[in-house]
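Notes to accompany the following structure.
Every read-out reported here was derived from the displayed coordinates using simple, explicitly stated rules and does not represent laboratory data. A quick note: this is a predicted structure, and the numbers were derived from the prediction, not measured. Glycine gets a Cβ as well: all are built from the backbone with ideal geometry, and neighbour counts include every protein chain shown.
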Amino acid sequence: MDISDWREKIDAVDAQLVEMLNQRARYCIEIGKIKRERNMEIYSPEREAEVLHNVVRANNGPLDNDAIKRLFERIIDESRRTERLAVETESNRDTA
């Protein structure tokens, strides 16, 4: 295999990652709706710690655990934003 073959493999993985991240975002939207119905806070430090623990436990390299944590901290930040937007959108519909 040459470099172009490896790049094609990376491009395919990137496309899969995008789809998986979008699926995760769709789940976050649903969680945001449930949280709104139950008057729950969007931010849950306990849940975020649990996610980080789970992803580090699932890590088998070559990325080290700190790299995995940094990546998922960004993913969690975006998930929280997605939940918040879902709650705000629902709230705006209710007041319109």
*Filtered residues of segment 3-29 (kept if under 13 Å from the mean Cα position of the chain (by Cα) and farther than 18 Å from Leu71 by Cα)*: Arg26, Tyr27, Ile29
*Enumerate the pairs (first residue in segment 64-85 and in contact (Cβ under 8 Å) with a residue 24 or more places away in the chain; second residue anywhere and basic (Lys, Arg) and outside any helix (DSSP H, G or I)) with beta-carbon separation below 6 Å, excluding pairs fewer than 6 apart on the same chain, so at least 6 apart or on different chains.*
none
_Suppose the filter is under 15 Å from the mean Cα position of the chain (by Cα) and assigned to a helix (DSSP H, G or I); does Glu50 pass it?_
yes
*Residues of segment 53-69 being more than 19 Å from Asn22 (Cα to Cα) and either touching a strand residue (DSSP E or B) at 6+ places or on another chain (Cβ under 8 Å) or assigned to a helix (DSSP H, G or I) (or both), which ones?*
His53, Asn54, Val56, Arg57, Ala58, Asn65, Asp66, Ala67, Lys69
